[in-house]
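Contents: one structure, followed by commentary.
The values are calculated or read from the model by the stated rules, or taken from the named source; none is laboratory data. No experiment lies behind these values; they were computed from the predicted model shown. FYI the Cβ positions are ideal-geometry reconstructions off the backbone, even for glycines, and counts take in every protein chain you see. Protein only, heavy atoms only, side chains kept; ligands, DNA and RNA dropped before computing areas. Shrake-Rupley method; radii C 1.70, N 1.55, O 1.52, S 1.80 Å.
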Amino acid sequence: MSMNILFIGTQGVYHPLIAAQWYLHSIIPSQIKDIPFLGSLSIEEHGQPLLVGIDEWGNKVYILGVGYDVTMAEKSIQQLAEIFHPADEYLAVQTIRTRGEYWLFLLHRLARIPFLLEFCQRLAVALLQLNFDFICGQVQRFKNNF
Amino acid sequence: MVIIYHCFGGSHSSVTAAAIHLGMLRKDRIPSARELNELPYYDKTSEADFGTIRYMGKDEWDNDVYILGKKSMGDRYNAILTGVAALLGQSTAILPVNCMSHVNWSMKIGGFISRRLQIEFLGRPIVIWGTQKAFYHLVKLVEEVQAYLRHVAV
């Protein structure tokens, strides 16, 4: 039976999105800037899970930004899954952390100022490229345990 | 349906609203300090309870009522909860209710002293006083939720 995989982080459109793309397509650092919806202000504002793709086993892969307290949000999400599907493994949640995620948070806020948008997004991409191995390592551990 | 009343700590306004919803507190009069103190989870939560969805009971329409403390996440938590419920195939089976707009300064200050600073003998009377002041606002919130549930049940 296929299930839903949800990568969460402080903001969904940065490190969780890279994690999802690496999980699905094994992307390389130079491809980060071309990932659809990377740094999207409207997607993050929406606050709902975003479907990124479907893996080879038919599992749907989503991302979600949950704000500054990722541990708290993960706990709520896991409990909600247990309330609705106590017997099934219907949803796999994986928290993705990255170094400098609070800088990403700040850059995302600053990117709302139109003339800073491109500068902030370039800086965010550079930060994510630096942390690429750290992000992929978390996905690899998730894959190993999956 | 799963109804989740949520506020900053999941300790005062959400507990009171859930108790009103479940008939643990009468709607027509302000509860005494003792009645509030006797509510499950009222002013009894700790740091580890943030994010924990705690069961309060079943209402007259057979809905499960829960409470949750989500810090200062605001309405974003509504989006997270409904979004995740949709992933679980239950998009119409959840109703998150944010109680924060009914939290007054007495509740904030009293709650901070009692829960964060752990000085209960000082903070608890202040938060109870604040809850009593906010009580009819919380009743109004619950009545809106119940009106919606009646509408859904028809």
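With respect to the numbered conditions (1) in contact with a helix residue (DSSP H, G or I) (Cβ under 6 Å, 6 or more places away or on another chain); (2) within 12 Å of another protein chain (Cβ to nearest Cβ); (3) not acidic (D, E), which one is the sole condition not fulfilled by B:S72?
It is condition (1) that B:S72 fails.
When segment A:84-111 is examined, which residues are found to be open to solvent by 30 Å² or more (accessible area, probe 1.4 Å) and either among the hydrophobic types (A, V, I, L, M, F, W, C) or touching a strand residue (DSSP E or B) at 6+ places or on another chain (Cβ under 6 Å) (or both)?
A:F84, A:A87, A:Q94, A:W103, A:F105, A:L106, A:L110
If you take the residues in segment A:57-66 that are in a loop (DSSP other than H, G, I, E, B) and within 17 Å of A:A19 (Cα to Cα), which one is nearest to the other protein chains (Cβ to nearest Cβ)?
Within segment A:57-66, the first condition is being in a loop (DSSP other than H, G, I, E, B), and the residues that meet it are A:57-59, A:66.
After this cut, where a residue has to be within 17 Å of A:A19 (Cα to Cα) as well, the list is A:59, A:66.
Working: A:N59: 12, A:V66: 6 Å.
Checking each candidate, the answer is A:V66.
Of everything in segment A:11-36, what is outside any helix (DSSP H, G or I) and exposed (fewer than 15 other Cβ atoms within 10 Å of the Cβ)? Give them in sequence order.
At the first step, the residues of segment A:11-36 found to be outside any helix (DSSP H, G or I) are A:11-14, A:26-28, A:35-36.
A:S26, A:I28, A:P36 - these are the residues of segment A:11-36 that are outside any helix (DSSP H, G or I) and exposed (fewer than 15 other Cβ atoms within 10 Å of the Cβ).
Just to confirm my filter: which helices (runs of 4 or more DSSP H) fall fully inside segment A:68-146 and include at least 2 residues that are farther than 30 Å from B:G69 by Cα and either modelled with pLDDT of 90 or more or charged (D, E, K, R) (or both)?
Values: elements: A:70-84, A:101-110, A:117-130, A:132-145.
Once the helices (runs of 4 or more DSSP H) in segment A:68-146 are filtered for at least 2 residues that are farther than 30 Å from B:G69 by Cα and either modelled with pLDDT of 90 or more or charged (D, E, K, R) (or both), what remains is A:117-130, A:132-145.
Looking at B:G10, is it within 12 Å of another protein chain (Cβ to nearest Cβ), assigned to a loop (DSSP other than H, G, I, E, B) and either within 30 Å of B:H151 (Cα to Cα) or open to solvent by less than 40 Å² (accessible area, probe 1.4 Å) (or both)?
Details: within 12 Å of another protein chain (Cβ to nearest Cβ): yes; assigned to a loop (DSSP other than H, G, I, E, B): yes; either within 30 Å of B:H151 (Cα to Cα) or open to solvent by less than 40 Å² (accessible area, probe 1.4 Å) (or both): yes.
Considered against the rule, which asks whether it is within 12 Å of another protein chain (Cβ to nearest Cβ), assigned to a loop (DSSP other than H, G, I, E, B) and either within 30 Å of B:H151 (Cα to Cα) or open to solvent by less than 40 Å² (accessible area, probe 1.4 Å) (or both), B:G10 comes out as yes.
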